[in-house]
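Participant: Quick one: this structure, given as structure tokens, is what I'll be asking you about.
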Amino acid sequence: MAAPREAPERRPFGRRFLTDPARLFQHNAWDNVEWSEEQEASARSKVQENSSQLLPQDKQEEYEVNAKRYWDDFYKIHENGFFKDRHWLFTEFPELAPNRNPSQNGDSAHEFSNKEESNNEGLGSCENGHCSLETRAEDQLNVIKSTPQICTEELAARKYSELNQSDGDYPGSSASYRILEVGCGAGNTVFPILQTNNDPGLFVYCCDFSTTAVDLVQNNAEYDSSRCFAFVHDLCNDQSPFPMPDESLDVVILIFVLSAILPEKMQCIVNRLSRLLKPGGMILLRDYGRYDLAQLRFKKGQCLSDNFYVRGDGTRVYFFTQDELNDLFTTAGLEKIQNLVDRRLQVNRGKQMTMYRVWIQCKYRKPPAPQL
């Protein structure tokens, strides 16, 4: 694979790492790395090769029907040991911080915090096709191994039907700033928000397709039911209820979540989530971009459809372009605030490996209510 072009000027490494491998392995990562035409052609060729053989339709249907079981199994195996705390969260999404500034970081180039780059033991790690963005935190979240009190979809449906949302009788109804994270996993976004943002008006909702994942969140020592509500939710099921009414949320977070969903269902999901936003509310997304390392590593026989794959553990992943995401959000009636692609060079010094990651970060806003 061809070497990348010169890094942006704000990075001090220049071309020296291209001719001095020893220097390369002294550092962890470079963001906003430009690809040469040769490098992009090579990536395109690999994708064409690994997608030349599609799985039979009956196998594809099996993965769709059993999607919940595969994600439950994933979290039973990994618990909170795979995905790490996201040190970059408030740098990239200041809307989640206590002194939030929705206009900050609009179309500007973004940088990751030095904290994230301080430890590369997990940097760019890939396990069974799951390539994580996160690195190990100094203090990992502690999970209490106890019997969960899960809010299953069946219980939720009964519970929510008893609530009169029009009277404001729902979890977090008295809050002045409401955040929903969709696909919360083990809580790697929820708990940093709760720990960092001490706004007394804040309330955080979090949901996941996996009952096991919600179990991990609810039984975490940091879980505070007075500030947070975790629940099981199937995004692909239009009848699966949300605990809050439409136009009640300030922020919806989608971090490496939309890519796990069947592509033909994505638009309906984005439409549903956009209805939950207040006028002026925002969806924040970070997900896999086209030709990311994870996509290039797939073998023949793992492709379901164009740029959509199944991992060895049965979970699935899609790799986006900026235009595809823009179409999804604008069709749902949202306005673009940010749509960035980050091509990032990561180095595993222990294995003497260089890895090229591609992520897309988006912010889309519901148009503010017209002034009367």
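The values are calculated or read from the model by the stated rules, or taken from the named source; none is laboratory data. Fair warning: this is a prediction, and the values are worked out from it, not measured in the lab. Cβ coordinates were reconstructed from backbone atoms using ideal geometry, including for glycine residues, and neighbour counts include every protein chain displayed. Accessible surface is based on the protein model in full, side chains and every heavy atom, while ligands, DNA and RNA are left aside. Shrake-Rupley method; radii C 1.70, N 1.55, O 1.52, S 1.80 Å.
Participant: Exactly one of (1) at pLDDT 95 or above; (2) acidic (D, E); (3) closer than 27 Å to L54 by Cβ; (4) open to solvent by 20 Å² or more (accessible area, probe 1.4 Å) is unmet by D287. Its number?
Facilitator: Every condition holds for D287 apart from (4).
Participant: In addition: Got a sec? Which of V347, V270, V341 is under 30 Å from E62 (Cβ atoms) and hydrophobic (A, V, I, L, M, F, W, C)? Walk me through how you get there before you give the answer.
Facilitator: Working: V347 fails: under 30 Å from E62 (Cβ atoms); V341 fails: under 30 Å from E62 (Cβ atoms).
Residue meeting the stated conditions: V270.
Participant: Mind listing whichever residues of the range 231-257 are charged (D, E, K, R) and either in contact with a Phe, Trp or Tyr (Cβ under 9 Å, 6 or more places away or on another chain) or surrounded by 23 or more Cβ atoms within 10 Å (Cβ to Cβ) (or both)?
Facilitator: From the range 231-257, those charged (D, E, K, R) are 234, 238, 246-247, 250; that's our starting set.
Those that are charged (D, E, K, R) and either in contact with a Phe, Trp or Tyr (Cβ under 9 Å, 6 or more places away or on another chain) or surrounded by 23 or more Cβ atoms within 10 Å (Cβ to Cβ) (or both): D234, D250.
Participant: So, in the range 327-372, exactly how many residues are outside any strand (DSSP E or B) and either touching a residue at least 24 places away in the same chain (Cβ under 8 Å) or hydrophobic (A, V, I, L, M, F, W, C) (or both)?
Facilitator: Of the range 327-372, the ones outside any strand (DSSP E or B) are 327-334, 349-352, 366-372.
Still in the list and also either touching a residue at least 24 places away in the same chain (Cβ under 8 Å) or hydrophobic (A, V, I, L, M, F, W, C) (or both): 328-334, 349-350, 352, 366-369, 372.
Number satisfying all stated conditions: 15.
Participant: Next question, about the same structure. Taking only pairs six or more apart or across chains, which ones have beta-carbon atoms under 8 Å, a first residue in the range 200-218 that is in contact (Cβ under 8 Å) with a residue 40 or more places away in the chain and closer than 18 Å to P241 by Cα, and a second residue that is polar (S, T, N, Q) and surrounded by fewer than 24 Cβ atoms within 10 Å (Cβ to Cβ)?
Facilitator: T211/T152
Participant: Follow-up. Hey, among L334, L276, which residue is over 24 Å from G187 (Cα atoms) and modelled with pLDDT of 95 or more? If you could, list the steps in order and put the result at the bottom.
Facilitator: Values: L276 fails: over 24 Å from G187 (Cα atoms).
It is L334.
Participant: Exactly one of (1) at pLDDT 95 or above; (2) touching a Cys at 6+ places or on another chain (Cβ under 8 Å) is unmet by D323. Its number?
Facilitator: (2)
Participant: Run G281 past the list (1) in contact with a Cys (Cβ under 8 Å, 6 or more places away or on another chain); (2) among the small types (G, A, S); (3) part of a strand (DSSP E or B) and report the number of the one that doesn't hold.
Facilitator: Exception for G281: condition (1).
Participant: Also, I was wondering about something else. Please work out which residue is nearest to L285 (Cα to Cα), limiting yourself to the range 305-325 and to residues that are open to solvent by less than 10 Å² (accessible area, probe 1.4 Å) and either out of contact with any Phe, Trp or Tyr (no Cβ under 9 Å at 6 or more places or on another chain) or not in a loop (DSSP other than H, G, I, E, B) (or both).
Facilitator: Step one: of the range 305-325, the residues open to solvent by less than 10 Å² (accessible area, probe 1.4 Å) are 308-310, 314-315, 317, 319-320, 325.
This time we only want the ones that are either out of contact with any Phe, Trp or Tyr (no Cβ under 9 Å at 6 or more places or on another chain) or not in a loop (DSSP other than H, G, I, E, B) (or both), so: 308-310, 317, 320, 325.
Details: F308: 18, Y309: 20, V310: 22, V317: 15, F320: 12, L325: 10 Å.
It comes out as L325.
Participant: Moving on to the next point. When you look at L293, is it at pLDDT below 95 and of a type in the set (A, V, I, L, M, F, W, C), yes or no? Can you show your working first?
Facilitator: Numbers: at pLDDT below 95: yes; of a type in the set (A, V, I, L, M, F, W, C): yes.
Here the answer is yes, as L293 does meet what is asked.
Participant: Return the residues of the range 331-372 that are open to solvent by less than 60 Å² (accessible area, probe 1.4 Å), more than 23 Å from Q295 (Cβ to Cβ) and of a type in the set (V, I, T); say none if nothing qualifies.
Facilitator: Within the range 331-372, I337 is the sole residue that qualifies.
Participant: Is it true that D169 is part of a loop (DSSP other than H, G, I, E, B), open to solvent by 20 Å² or more (accessible area, probe 1.4 Å), within 24 Å of F93 (Cα to Cα) and acidic (D, E)?
Facilitator: Numbers: part of a loop (DSSP other than H, G, I, E, B): yes; open to solvent by 20 Å² or more (accessible area, probe 1.4 Å): yes; within 24 Å of F93 (Cα to Cα): no; acidic (D, E): yes.
Answer is no for this residue.
Participant: Taking Y291 and the conditions (1) touching a residue at least 60 places away in the same chain (Cβ under 8 Å); (2) within 19 Å of R357 (Cβ to Cβ); (3) part of a helix (DSSP H, G or I), which numbered condition does it fall short on, given that it satisfies the others?
Facilitator: (3)
Participant: A further question follows. Could you check D199 against (1) under 21 Å from V257 (Cβ atoms); (2) acidic (D, E); (3) more than 15 Å from the chain's Cα centre (by Cα) and say which number it fails?
Facilitator: The single condition D199 does not satisfy is (1).
Participant: Restricting the search to the range 201-226, which residues are open to solvent by 10 Å² or more (accessible area, probe 1.4 Å) and within 15 Å of I255 (Cβ to Cβ)?
Facilitator: Across the range 201-226, the qualifying residues are D208, F209.
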